[in-house]
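Some notes on the structure that comes next.
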Amino acid sequence: MRDFIAAFLGCFTIVLIGLFFTGGNPWAIIILISLFLALFVTVFLKQEIRIENVEKKLEKLLNEAQDIEK
């Protein structure tokens, strides 16, 4: 949940700055865009962590298999 909130606030800030320089739009649009961006960023970050964990487990299993063969 903390990862989502951090991603949401980061995206919110980026969208807010972008809209400040391009013209004022309603806050609802800013929050909606930030929400969708934060969802995508959070999903990708979680996937990256899961992939790293799988890689570590696979490396451990390969090392154990090599030790058994010796």
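Across segment 57-68, in residue order, what do the Karplus-derived ³J(HN,Hα) couplings come to in whole Hz, using 6.51 cos²θ - 1.76 cosθ + 1.60 with θ = phi - 60° and x for Gly and Pro?
My calculation for segment 57-68 gives 5, 5, 4, 4, 5, 5, 5, 5, 5, 5, 5, 5 Hz in order.
Under 1.5 on a/c is rounded, so check that first for the chain, then, if it is not, pick prolate when a/b is larger than b/c and oblate when it is not; a ≥ b ≥ c are the square roots of the alpha carbon gyration tensor eigenvalues.
Prolate shape, in that a/c is at least 1.5 and a/b is the bigger ratio.
Laboratory data are not the source of any read-out in this text; all were calculated from the coordinates shown. Not measured: the values here are computed from a predicted model.
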